[in-house]
1. Could you run through the range 324-362 and say how many residues are buried (at least 16 other Cβ atoms within 10 Å of the Cβ) and not in a helix (DSSP H, G or I)?
2. Filter the range 503-521 down to residues that are at pLDDT 95 or above and of a type in the set (A, V, I, L, M, F, W, C) and give me whichever is farthest from GLN535 (Cα to Cα).
3. So, of the residues in the range 497-513 that are among the hydrophobic types (A, V, I, L, M, F, W, C) and crowded, with 17+ Cβ neighbours inside 10 Å, which turns out to be nearest to ALA279 (Cα to Cα)?
4. Taking the stated definitions as given, is ASP258 assigned to a helix (DSSP H, G or I) and within 24 Å of ALA179 (Cα to Cα)?
5. Within the range 141-149, can one find any residue that is of a type in the set (A, V, I, L, M, F, W, C), touching a strand residue (DSSP E or B) at 6+ places or on another chain (Cβ under 8 Å) and at pLDDT 90 or above?
6. For the list (1) touching a Lys or Arg at 6+ places or on another chain (Cβ under 7 Å); (2) at pLDDT 95 or above; (3) among the hydroxyl-bearing types (Ser, Thr, Tyr), I need the number of the one condition that THR532 fails.
7. Residues of the range 435-476 being surrounded by 22 or more Cβ atoms within 10 Å (Cβ to Cβ) and among the small types (Gly, Ala, Ser), which ones?
8. Are any residues in the range 566-580 in a helix (DSSP H, G or I), touching a Lys or Arg at 6+ places or on another chain (Cβ under 9 Å) and among the small types (Gly, Ala, Ser), and if so, which ones?
Amino acid sequence: MHPRTRRTFVRTLAHTLPRTLALQLLTIAVGVAVVVAVPAAAMRAQPLSLAPELRAALRAAADSVVALNRPDGPARAWPDLGDGPRLAQRARADRVQAMLGAIPRAALTSAEERMLFDNLSEVVAGNIAGRVCRTHLWYAPSAFAGWHIVASNWARNVRVGDASARASVLAALRELPEAIAAEQGMLQRGLDSGVVSSVPVIRGVIRQLGDLTPDDLTRSPLAAPTQRDSAPEFREAYLALLRSAVYPAARAYAGWLDAQYLPRARRDGALTTLRDGPACYRATMRERTSVDLDPASLMGEARAEIDRIHATLAPMIRRATGHGVSDGIRTLKSDARFTYASRDSILAAYRAMTALAATRIDRVVSGFAPESIVVIPYPEFQERAGVPPSYQRAPDDRSRPAWFLVNLGRPERMAVGNAAAHEAYPGHHLQRIAASQATAIHPVMRTLQVSAFSEGWGIYSEDLGAEMGLYTTQLDSIGHLVHLLDVAVAYYLDAGAHVRGWTRDVLIDSMYVLGGRTRAQAGDYADRHAGTPGQLATYYVGYRVIRAARADAARRLGARFDVAAFNREVIRHGTITLASLRAVLEDWVRAREP
C-alpha cells in the first residue's frame, strides 16, 4: 500500500470507529483521550518562566506520542497484531507518562504549552487506564471493526490508476489472508483466556462476512479497485487473488467463528459479563470522552432529557401522524407519506441538503469557507447492516474529495436535514476544515481525536442546522428532535447495559418504548452497544459540554455575545479534550466581558 494511502486509511478508521483494533495496536489511543481535571483558573494563571530544558522535554514527549502513531519498520498494509508491537507501544507510553510527570505544569509559559501538556497527559493516561479492558483479545470483530471493515474501507479508498499503485494494491491483497489469520489467532487467545465477545455481535459479523464474499466476485466490496482501474492485467490478477486466497481465508474464518467461537461467546453484550467489566467501562468512557465521569450519575440526567424531549415532540408528532411519540416515530420512518419513494430520490435529497448547507455556514460559524464534499451511498453489505450516515475526510494528497456516506436503505425524509448538518456543514466536514487551518504548537495536536469533542460538535451542529434555516418543514424539525432523543436514549442505555447489566432484551424493549425504533432496528443498536461500548454515549457527553458553555457565554456577555464567533472558537483549535475546550471558551468569554 502506498504510504499516503496507508495514512489516509488509518485516519479514516479513526473517524469511522474510534476504537478499532488496528488503531489500538498502532497508536496510543489517538482517537481517544482522558481529562485530568484542571481548574480553569489554573489554565489562566501567569506561569513562571519555562526553562529551555523543560521546554525541550515537553517537545520530546510530544515527539514520542507522534512516533507512537507510526509502527517501526517498513510500512505494512495491515496492522501487526503480534505482542511485540503492542508491548513496545505500552512501554513507550509508560516512558512518555514519566517524562510528562517530570515537567512542572506551573512552569509552562503560554496557553499553547499548557494545552499541549494537558492533552498529552490525558492521551497517555487514557491509554494506560484502558489496559484493564484487554480489548486486543476480544474487540476486533463487529459491525464497525475487524479485518472485514478495514479491508472494505481500504478497497473503496486505495489509489489505483498507474503501475506503481497497482503493484502496491496487489501486494497488499496478497498479505490479507495473513491478516485474517492473525485476527483469528488473537480471538483464539481470548477464548483461551476467557475474554470473549458476545453472541449477537459475532453473529452479525458472520452475516457481514457472507455479504462481503458473494459468489460473484465482481459484486464483492473487496473488488472495488477493479471498478476504478480498467487495466485488464490488473483486473485479472486482482480477481484471481480474491478467488484463490482471500475468499478461502475469509470463509474459513467465518466457519471458525460459527463452529468454534460462538459456542463459547458471552450470551449478552454487557461488559458486566466480563471480568473487570465495570472498571473497563469507566476506563472506556474516560478514553472516549476525555472526562473521568461516573457513568451511573449521568443516567438520571439522561432520563430527564428523554422525558423533556418527549414532551416537546408529543404535540408535533400527534399533529403529523395521529399517534403518540413512539408509535409516531415508527410511522414517520415507514409510512409512504413520510418516506422517499426510491433510492435515487433519497440520494438526491441528501445531495441537495448538503449543497444548501454549504451556502449557509457563515450564519452560524464565522471565518471558514466550504470545501468539496461528495455524497455517496454505502456499499450494499454495509447498507444491510443498518449503519447510519458517516463522514470520511479527504486523503492528504487530495486524490479524492471528502465523502458523506449515506444509507439508501433508510428512506425516512425527516432524517436528511439533521444528518447533513451533522456530517457535512456545519458538522464533521467543517470541523475538519477548521482543524486543517489550526495553528498548533506541535504537530501532535493535529493527530488527536476525542470522540466526545467530535461527536458532541456533530450533535450541536444539528441544533445549528435549525439556526441556519435548514429545517424548512415540520418534518425536518421533528427529525432533528428525534435524533436528539436518540442521543439521550443512547447514553441512558449504554450506561444501563455496561454499568447495571441490562440485557439485550431490555435494551430492545427500552428503545422500542422510548426511542420509537422497530424491534429489528433496536436489535441492531443493541448490538452496537455491545460491540462498541461507550461509543454511543460520547455524543451526549460532548453535546452537553458545548451547550452548557454556550449558555454560560450568552448569559455573561448578553448583547456582546456573537454566536458565529463563539462557534468558531469551539472548533478553531482542532480536536482537543473537553477540559481544554472549557478552558479556551472561558478565556474567550473573559476577554469579551465588560
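1. Filtering the range 324-362 down to residues buried (at least 16 other Cβ atoms within 10 Å of the Cβ) leaves 325-326, 328-333, 338-340, 346-347, 349-351, 353-354, 356-358, 360-361.
Pick out the ones that are also not in a helix (DSSP H, G or I) and you get 339-340, 360.
The qualifying residues number 3.
2. Of everything passing the filter in the range 503-521, VAL513 is farthest from GLN535 (Cα to Cα).
3. Only one residue tops the list, namely VAL499.
4. Numbers: assigned to a helix (DSSP H, G or I): yes; within 24 Å of ALA179 (Cα to Cα): yes.
The answer is yes for ASP258.
5. no
6. (2)
7. SER451, ALA452, SER454, GLY456, GLY458, SER461, GLY465
8. SER580
The values are calculated or read from the model by the stated rules, or taken from the named source; none is laboratory data. Since this is a predicted model, take the numbers as computed values, not measurements. Note: ideal-geometry Cβ built from the backbone for every residue, glycine included; neighbour counts use all protein chains shown.
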